[in-house]
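Reading through the structure tokens given below for one structure.
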Amino acid sequence: TREEMNRLVEEIWLDTKTTIVFITHSIEEAIFLSDRVVVLSARPGRVAKEYRVPFARPRSLEIMATKEVFDLTNRIKMDIVGERTRPKAPERPSAEIVRIRP
């Protein structure tokens, strides 16, 4: 299951102590596996917001049911929704040339 895979990834990280860049669309998975969660903006993709995950390691699955995780998940979701509703940068004009015939 996904939970077993997350525990395995955390075990590998605890054993190797190497930096891992993990990309996921699951906020809960990001909180469980990460020390930092980064939310990217829509095009162009830029860092919109960064969160520190304050929970000690190793993390248990039980922590995922706490109010603190619930609150952090909701804060991240609200920022993602805010990013989606923010006006996008104007697109560049096309390189096509339009000519009018006489």
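The values are calculated or read from the model by the stated rules, or taken from the named source; none is laboratory data. Worth saying up front: this structure is predicted, and the values here are computed from it rather than measured. Note that we place each Cβ from the backbone using ideal geometry, even for glycine, and neighbour counts take in every protein chain shown.
Consider residue 92 carefully, then state whether it is at pLDDT below 85, assigned to a loop (DSSP other than H, G, I, E, B) and of a type outside the set (S, T, N, Q). So residue 92 passes the test. The set of residues from region 1-50 being of a type in the set (Ser, Thr, Tyr) and either farther than 24 Å from residue 80 by Cα or touching a Leu at 6+ places or on another chain (Cβ under 7 Å) (or both) comprises 1, 16, 18, 19. For region 75-86, check the following and say yes or no: at least one residue is of a type in the set (Val, Ile, Thr), surrounded by 12 or more Cβ atoms within 10 Å (Cβ to Cβ) and modelled with pLDDT of 90 or more. Yes: region 75-86 contains one or more residues that are of a type in the set (Val, Ile, Thr), surrounded by 12 or more Cβ atoms within 10 Å (Cβ to Cβ) and modelled with pLDDT of 90 or more.
The residue of region 29-77 that is farthest from residue 10 (Cα to Cα), among those that are among the charged types (D, E, K, R), assigned to a loop (DSSP other than H, G, I, E, B) and under 17 Å from the mean Cα position of the chain (by Cα), is 43.
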